[in-house]
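Notes to accompany the following structure.
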Amino acid sequence: MKLAAWVWSATDDPGIRALRLAALLIGLPFLLTFLFFWYRAFDTPAPLPVAGVERWVEPLAETRFNTSGFTSLVKQIPDFSQARWETVTLPDAVSAPPILATESAPLARVWIRTRYTLPAGQPVPARSAVYVTRIIGGAWSVWVNGKLVDANLEDWRMQWNVPLHVKLPAEDLVAGSVLTIDIAFPIRQSEGYAFGSMYVGDANATTRLFEMRSLWQNILPKATVLIILLLGLISLHYGLGEGQDRVYLRLAFAAIVWSIGNSLYFGDFTDDRVALWFGALNDSATAWMACTLSLFAIDFDRERWPRLELGLVAYAVLVTVITLPLWNWGVNGLVFQYYTNVVLTSAVLSFFTWRAFKQDSHEFKVIMVAVCSLPLMALHTVYFVSAQRSPDSIEIYPYSAFIVFGAFLYVMQRRYLNTRQSLIELNASLDQRLKQRETELAEQHRKLMGIEQERIVQQERQRIMRDMHDGIGTALMSSLTLAEHGELTSARTAAILRESLDELKLVIDSLEPIDEDIATLLASLRYRFGERIEAAGLKIVWDMAELPPLPWLDPSNALQVLRIVQEAFANIIKHARATEIMISARPTGLDTDQPGVMVRITDNGIGFDLNSARRGRGLDNLRRRAADLNADIAIDSTPGRGTRIALQLRVELPS
Amino acid sequence: MSKANPISILIVEDKPEFLDEFSRTVSSAPDMYLAGTASTLAAGLALLNGEPVDVLLVDLGLPDGSGLELIREIALRPTWRERCEIMVVSVFADEAHVMSAIEAGASGYLVKDSAPTSFLQQIRELHAGGSPISPVIARKLLGRLAALPPSLGIEPALSGSTDVIELAESERRVLSYAARGYTYDEVAELMGVTRHTVLSYVKRCYRKLQVNSKTEALYEARRLGLVRD
């Protein structure tokens, strides 16, 4: 429990956490399966491995090492009188001598014999069976009391991995009798063989052992091949879509090559021709495996090694060509390949493992260690197949791919987490910068607003000052001068003061809130001076439509408008000798893109000659003021026929 | 106007030259009677203890306070409120001053430099029902009234009927014309009603604004806990 807690806390790293979960998710079903079989194995008493085994190697004269040869061989009853039995201990493994085998090496048949005693006076099991963990050799046959019970020619070339499980004939199961069980299999004398532990007994118990072994020796490796193939295809798909990171494609190729190299778990390759080509394919797959796995691992190096990579591919191609059955180099090509594979792989992997540790790149190190585990496990397989290891042990090579893939997933997840972390940090810093910028902008805006406010106030102050100075100031000053010289009559004084007051009213009216409505502006002029105009004997005809607001009508512009109209009024009162004055304002061009307001001031007075110089200055004044408002003014008069002033204002001033 | 029933007038004005001018003008009018004058707010308030008059002319800028206080005080005295029309006199009659005077209870205002005939004419008009309204004030009233319920300040007999809407619409039109500078006579002609009706519309607008400002004041007072429901 303490250990588990320690492992749990030691693996509490963001990169490993998910991997730990995955390990738990995968490991748990395995554990449960194991416990299940373990429990079932105790259902019935477990049979003990058979002891007291004898062996006879029967020399064969002419049998050929092929399917047809073995087909007759498995049924051939030997001359047991010639047998020279010797006691052996199982598992029995005879390793191959380190010499190159030849096709013409003499054949032999190994006989393993044991005796199974059914005790008298005890119930005989309904079914009994013989079970052998593994036979590395050829097509086996099982004989009971000298009779052939079962033989397996199926896939005989590859019969190094399938456990043997054969039921004993029911008629022989008699209490008190002794059964002689022989298991025979042909071998090349030069190549060696291996024969695992043997169990004989209640079929219920042996079946469990057989199933358990099948699971680890056949079913799970098959599943592994499929899983790795699937992961390879996913990686390929991702690599093709991603386009940037070559490592996915490299892993995909390694996985596919690995799956092909391990495809011997599937199908029957007994046919001689197929076996030949399949064997060649399988053999060169090892070289390709070394090549693709190295390419994959190299990709984690900081530097690029294009020449080395090219060399690795060239090597794999070379091996493929060399091991083709076309040359009839047979097993020599294979042996050559194994040696070169070992040399090349150890050289490349050692070099890059050294580099990984030198670069102190965590990812690179993990990948290199994982990749190095693969040839080590392959070495285990070689030892295993060449019968230098107990045939009872299980081939671990198929499981090695999980290590590489696990390491890769770990690295990818670390990269993903790092990327995500840096993205989060980037976002946070962007957010912060945005906030900072916003604050700065707000501050700037506030300052600008303050400046603008100040500017407006300043402008307004200057405008009022100017108006006061030009209007009332000047009028008062000139009248003061006149008064000081005693030249001012009281009527003149009253006129000057009234003028000043009018001017002041005009300024005040221009400051009144009129909501950009020029009708109200003109109306306030009538309100101020209408009475006086009428007192001067002029009838006012007022025609003021509802008008669109003029956005530019601020106090300054309002004063200009007031002055234009006031001057027009003053001119009419002073010069026109009119009896009627008509003021009208109408919206114009409301449906067009240049809406405006037309203000007309018309009188029925005596009119004047437009070319007369005397009136010219007053008219120029009007024109100048109109131009300031970007308005068009038209003044039309004929002597004796009144005067018409038309002021065309625009809603929008061109900027 | 018969001589037997002249318009009684009070003048509260601190500048002697204006007070003299106004007094002289009023005294010269056969149909008017100057009931009294005051040149300070205190003196003006003291006058309120006497008989109510028909028209009060009041300057807003008095040396010891605002004329508005006098106007508000009148609004609190039922006998005065019933009878007295308040006219603010001012040099410029600018919008800010006039609006607060109307809200306090004034129903007219005149500009100080008006010719004496016009001056008397305006007093008569005010007494008869209403005084001219400046376009700027009309525009302001238009905006203020648009935000108020149409039935505000209308006699209970009328409120709740469709007439209220029509009435409000007529008031709106009067103000709209006034804001565009039409005289009451012109408005009466344009709307096909009598001048008197037009004046009554304007007066009602004034009253609405007063009522509203009172409502707001009351609301404010309640909110501050000065008045109980």
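The values are calculated or read from the model by the stated rules, or taken from the named source; none is laboratory data. Bear in mind the structure is a predicted one, so any value in this text is a computation, not a measurement. Cβ sites come from the backbone with ideal geometry, for glycine too, and all protein chains shown count toward neighbours. These accessible areas exclude ligands, DNA and RNA; they are computed on the full protein's heavy atoms, side chains included. Shrake-Rupley method; radii C 1.70, N 1.55, O 1.52, S 1.80 Å.
Where in segment A:66-178 are the strands (runs of 3 or more DSSP E), entirely inside, with at least 3 residues that are over 22 Å from A:Phe210 (Cα atoms) and modelled with pLDDT of 80 or more?
Values: elements: A:86-88, A:92-94, A:107-117, A:128-132, A:140-144, A:147-152, A:164-167.
Correct list: A:86-88, A:107-117.
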- Task: Could you list, in sequence order, all residues of segment B:166-195 that are among the β-branched types (Val, Ile, Thr) and assigned to a helix (DSSP H, G or I)?
- Result: B:Val174, B:Val187
- Task: For segment A:475-486, state whether one or more residues are within 11 Å of chain B (Cβ to nearest Cβ), open to solvent by less than 80 Å² (accessible area, probe 1.4 Å) and more than 60 Å from the chain's Cα centre (by Cα).
- Result: no
- Message: I need the full set of residues from segment A:610-655 which are modelled with pLDDT under 80, farther than 25 Å from A:Asp517 by Cβ and either assigned to a loop (DSSP other than H, G, I, E, B) or open to solvent by 70 Å² or more (accessible area, probe 1.4 Å) (or both), in order please.
- Response: A:Leu610, A:Asn611, A:Ser612, A:Ala613, A:Arg614, A:Arg617
- Query: Filter segment B:164-209 for residues that are more than 14 Å from every other protein chain (Cβ to nearest Cβ) and open to solvent by 70 Å² or more (accessible area, probe 1.4 Å); which is farthest from A:Phe529 (Cα to Cα)?
  - Reply: B:Ile165
- Message: Suppose we filter A:Leu610, A:Leu619 for residues that are more than 21 Å from A:Arg528 (Cα to Cα), in contact with a Gly (Cβ under 9 Å, 6 or more places away or on another chain) and of a type outside the set (Ser, Thr, Tyr); which single one remains?
- Response: A:Leu610
- Task: Kindly indicate whether any position in segment A:495-513 is closer than 19 Å to A:Ala646 by Cβ and either open to solvent by less than 50 Å² (accessible area, probe 1.4 Å) or facing another protein chain (nearest Cβ under 10 Å) (or both).
- Result: no
- Name every residue in segment A:520-561 that is under 27 Å from A:Arg466 (Cα atoms), away from every other protein chain (no Cβ under 12 Å), in a helix (DSSP H, G or I) and of a type outside the set (S, T, N, Q), in order of residue number. A:Pro555, A:Leu559, A:Val561
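Matching residues to (1) aliphatic (A, V, I, L, M); (2) buried (at least 22 other Cβ atoms within 10 Å of the Cβ):
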{"residue": "A:Leu168", "(1), (2)": "yes, yes"}
{"residue": "A:Ala184", "(1), (2)": "yes, yes"}
{"residue": "A:Phe195", "(1), (2)": "no, yes"}
{"residue": "A:Glu211", "(1), (2)": "no, no"}
- Per the filter on segment A:341-381, residues at negative phi and charged (D, E, K, R) are A:Arg355, A:Lys358, A:Glu363, A:Lys365
- Query: Here are B:Ala42, B:Ala106: which of them is surrounded by fewer than 16 Cβ atoms within 10 Å (Cβ to Cβ) and among the aliphatic types (A, V, I, L, M)?
  - Reply: B:Ala42
